[in-house]
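Accompanying notes for the structure given below.
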Amino acid sequence: MDADEDPSTAAPSVFTRIINGELPGRFVWRDPDVVAFLTIAPMRPGHTLVVPVRQIDHWTDLDDALWARVCEVQLAVGRALMEVFSPARVGTIIAGLEVPHCHVHVVPIRSEADLDFARADDSPDPAAMDEAARQVRDALARAGHHEASA
């Protein structure tokens, strides 16, 4: 979307459709401004997307308050991923090319090679995905984040 276009007239992104319940999503966080859900093609187990509810294409177009909230949520999710998956690190990526709706990939990693989109699993086991989402929600709840009960 061009900077001069009205975002309210844009077609709903796949993320907007997930947020609105039109498509399924494995949510681990939901508040009025930001959601987080597991991606359908994880680079590693627990790979989570942190997404503002309002459909804004590029992260540099978010106002300061919304960007700060996205960062707060990605930090909470990252800490939960560290607890659940015990990775060497939790990496983040803002690419924004695949869906025109700002999102941050938060990924438990063993090495930088784990941040390769070409290595994403396009057929993950649904039961394993459900379990990963449950574990992340539980870790977030233990940390006092009631938004994780979504």
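We did not get these values from a lab; they are worked out from the coordinates using the rules stated. None of the values given here were measured: they were computed from a predicted structure. We place every Cβ from the backbone using ideal geometry, glycine too, and count neighbours over all the protein chains shown.
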To the nearest 10 degrees, the tilt of helix 64-85 (Cα long axis) against the first principal axis of the alpha carbons of the chain is 20
Rounded tilt (10° steps) of 126-142 against the dominant C-alpha axis of the chain
90
For the chain, the charge dipole (Cβ of Lys, Arg +1; Cβ of Asp, Glu -1; about the Cα centre) points to a positive end, and the Cα of Phe85, Leu115, Ile19 closest to that extreme belongs to Phe85
Output row, site Trp59, 7 Å Cα→C-beta label point, backbone N cut-off 12 Å, window the stretch 85-120, residues 91-97, 102-107
Calculated from DSSP H runs of 4 or more alone, at -39500 (n - 2.57) each and per residue, what is the 222 nm mean residue ellipticity of the chain, nearest 500?
-10000 deg cm²/dmol
Suppose each label sits 7 Å from its Cα in the direction of the beta carbon; what would the Ala41-Ala68 distance come out to in nanometres?
3.5
Residue-ordered couplings for the stretch 104-120, obtained by feeding phi - 60° into the Karplus form 6.51 cos²θ - 1.76 cosθ + 1.60 and rounding to whole Hz (Gly and Pro as x), are 10, 7, 10, 10, x, 10, 9, 7, 4, 4, 6, 9, 9, 4, 5, 9, 5
